[in-house]
Amino acid sequence: MSARILVAEDEEPLTLLLRYNLEAEGYTVDSAARGDEAELKLREQVPDLLLLDWMLPGVSGIELCRRLRLRRETERLPVIMLTARGEEADRVRGLATGADDYVVKPFSVPELLARVRALLRRLKPAEIAEILTGGDIELDRVQHRVRRAGQDLHLGPTEFRLLGFLMRSPGRVFSRSQLLDGVWGRDAELDERTVDVHVGRLRKAVHRDGLPDPIRTIRGAGYSFEIGR
Ligand code: CA
């Protein structure tokens, strides 16, 4: 079955160009010219990947991405943000909002297609994997075991879920509220500092002398799992 891609873009010539090239690659393509229209389509059916323009009428790409990450059905939807801006601050903001990748306009179509392929490859197997591997860390979701460099690690239940959550999307930056939603559940009424406390415990539990810290802190944005990348 071919992967389904939703293109949310208000520049019609670009939408047509993307549709043509993506269909030529064998993907099934749907499109929306407004943010709110894309949001409605995403509620009806979740695609395998979303190409999302930063500046969209209705609901902006940034806002739409933020909302998607708060919904269980779309919290892991692969998103590539398309944007005309290239400043580092915007890039960090885009990733912190939950985009998996980022392409600056004007981009080359072959480059974009390569990123689409890479993202689908990267995220698909992890979604169903029972054993998550990142660098020298291995997390077995069935046996509830974590090993680092061949040695068993002892994690509390929350740290285990937190690590699993981060490891499923290596390199993606999650905000504290996204982590609260994803690890503790939407109804948990907890302070965002709770996240910091458990990240601290997780860091301690996975620490081995001479080995890198797998959890990266992104100031003002959140945390990501970054080992072995
Ligand atoms: Ca636009």
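The values are calculated or read from the model by the stated rules, or taken from the named source; none is laboratory data. Model, not experiment: these values are computed from the prediction. Because the Cβ atoms are built from the backbone with ideal geometry, glycine has one as well, and the counts that use them run over all protein chains shown. Note: accessible area is taken over every heavy atom of the protein model, side chains too, but ligands, DNA and RNA are not part of it. Shrake-Rupley method; radii C 1.70, N 1.55, O 1.52, S 1.80 Å.
Distance between the 7 Å Cα→Cβ label points at GLU44 and GLU23: 1.8 nm. Positive end of the dipole of the stretch 4-127, charges at C-beta (+1 Lys, Arg; -1 Asp, Glu), about the Cα centre: which of GLY98, TYR27, TRP54 has its Cα farthest in that direction? Of GLY98, TYR27, TRP54, it is GLY98. Where in the stretch 207-229 does the amide nitrogen come within less than 16 Å of the point 7 Å from the Cα of PHE107, taken along Cα to Cβ? Once the point is set 7 Å along Cα→Cβ of PHE107, nothing inside the stretch 207-229 turns out to lie under 16 Å by backbone N. The calculated FRET efficiency for ALA221 paired with LEU70, based on their beta-carbon distance and R0 = 22 Å, is about 0.85. Between ASP209, ASP196, ASP181, the GNM of the chain built on Cα springs shorter than 10 angstrom shows ASP209 fluctuating the most. Calculated on the alpha-carbon coordinates, the convex hull of the stretch 131-225 measures out at 94 cubic angstrom per residue.
To the nearest ten degrees, helix 61-70 and the longest principal axis of the Cα atoms of the chain are 40 degrees apart.
Mean residue ellipticity at 222 nm from the helices of the chain, using -39,500 (n - 2.57) per DSSP H segment of n ≥ 4 over the full residue count, to the nearest 500 deg cm²/dmol? The per-residue figure over the chain is -12000 deg cm²/dmol. Here the Karplus curve 6.51 cos²θ - 1.76 cosθ + 1.60, taken at θ = phi - 60°, turns the phi angles of the stretch 21-26 into couplings of 6, 5, 5, 5, 7, x Hz, with x standing for Gly and Pro. By how many degrees, between 0 and 90 and to the nearest 10, does the Cα long axis of helix 193-206 differ from the longest principal axis of the chain? It is inclined by approximately 60 degrees.
In square nanometres, what is the average projected area of the Cα convex hull of the stretch 4-127?
Working: hull surface 27.3 nm².
Average of the hull's projected areas for the stretch 4-127 equals 6.8 nm².
Compared with the dominant principal axis of the Cα atoms in the chain, helix 109-128 is inclined by about 40°. Accessible surface of the chain, 1.4 Å probe: 50 percent of it comes from carbon and sulfur atoms. Report, for the stretch 4-127, the % of DSSP beta bridges that are antiparallel, rounded to 5. Bridges in the stretch 4-127 that DSSP calls antiparallel: roughly 0 percent. Spacing of the modelled spin labels on LEU211 and ARG122, each 7 Å from Cα toward Cβ, amounts to 2.3 nm.
Normalised by the residues of the chain, what does the relative contact order come to in percent, with Cα pairs under 8 Å and at least six apart? Walk me through the intermediate numbers first.
On the way: 356 pairs, mean separation 30.9, N = 229.
About 13 percent, as a whole number.
Loop-only trypsin sites (Lys or Arg not before Pro) in the stretch 117-225, please: DSSP not H, G, I, E or B, and at most 16 other Cβ atoms within 10 Å. Taking the stretch 117-225 and a limit of 16 other Cβ atoms within 10 Å, the loop trypsin sites (Lys or Arg not before Pro) found are ARG141, ARG186, ARG208, ARG219.
The relative contact order of the stretch 131-225, computed from alpha carbon pairs under 8 Å that lie at least 6 residues apart in sequence, is 26 percent.
Let me know the volume per residue of the alpha-carbon convex hull for the chain, in Å³. It would help to have the intermediate numbers written out before the result.
Numbers: hull volume 30.9 nm³, N = 229.
For the chain, the hull spanned by Cα atoms encloses 135 Å³ per residue.
Applying both filters, DSSP loop and at most 12 other Cβ atoms within 10 Å, to the GluC sites (Glu not before Pro) of the stretch 170-229 gives GLU189, GLU192.
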